[in-house]
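Remarks on the structure that follows.
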């Protein structure tokens, strides 16, 4: 399936992202461990393209956020893949699962113990571990930090680009976090990845027209989860060479009508985008493991 047919190309790379990568490179020698944050609904699309180059060979915990919103069967294939590579992987619903935070701290303490044993062997004093929190925009980094701190320590928003600068946050005497703004890359070679990021709020909606994004969501859902479209909109078949009848069905089903019964297509596009973001289309994972 070519989801990109007749869709607008997406590129979004604000200046602060380039600055962030430069600053991380300057501070990476201060970092002991990486918290790489990935959206469980798009394990490929939401992974920073050059993450290995950015974080070098630092120990890493890969944190799959929003796991309660994903298609576990598909996402777990990625989890196993990263575990088989030797990474520590933690899947979490950061809003409701307190035990996950304890698990992250416990895994970090293991690395902290190893680090301080090496320092003691060299005649140096133990010190707190320094963790870099890194990921694409709106993947859950700020929520993770706030849960680790136990209070509101960072600004949380449902739009990408809220955090704009690196900042240190002390969790306790044993752990300090370096919070970083969401990072993307200058050019998206895979536009499906870019559309996934836009559909799930990691790219600002302003950089793409609603029609293109809504049609991408329809195509992807029809390809991966057609039963959800039937449940939500009463759609069983879609002819993408003539999308109007499908939009008409949604308009009637969801009451997107103007005076005189005319269909409000702009409202239909907004409904499709909102339904996905508000989880009204069910648990989804837009990436597939075979694409790695």
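Throughout, read-outs are computed from the coordinates displayed, never taken from laboratory work. Computed from a prediction, not measured in an experiment: that's the story for all the values here. With ideal geometry, Cβ positions are generated from the backbone for all residues, glycine too; neighbour counts draw on all protein chains shown.
Among the residues of region 198-212, the ones that are closer than 11 Å to residue 276 by Cα and either in contact with a strand residue (DSSP E or B) (Cβ under 7 Å, 6 or more places away or on another chain) or surrounded by fewer than 22 Cβ atoms within 10 Å (Cβ to Cβ) (or both) come to 2 in all. Residues in region 113-129 that are within 30 Å of residue 18 (Cα to Cα) and either buried (at least 17 other Cβ atoms within 10 Å of the Cβ) or without any contact (Cβ under 8 Å) to a residue 12 or more places away in the chain (or both): 129 only.
Scan region 268-283 for residues that are buried (at least 17 other Cβ atoms within 10 Å of the Cβ) and within 21 Å of residue 212 (Cβ to Cβ) and jot them down. Across region 268-283, the qualifying residues are 268, 269, 271, 272, 273, 275, 276, 281. Scanning region 19-71 for residues that are free of Cβ contacts under 8 Å to residues at least 12 places away in the same chain and either in a helix (DSSP H, G or I) or in contact with a strand residue (DSSP E or B) (Cβ under 7 Å, 6 or more places away or on another chain) (or both) yields 19, 22, 26, 29, 52, 53.
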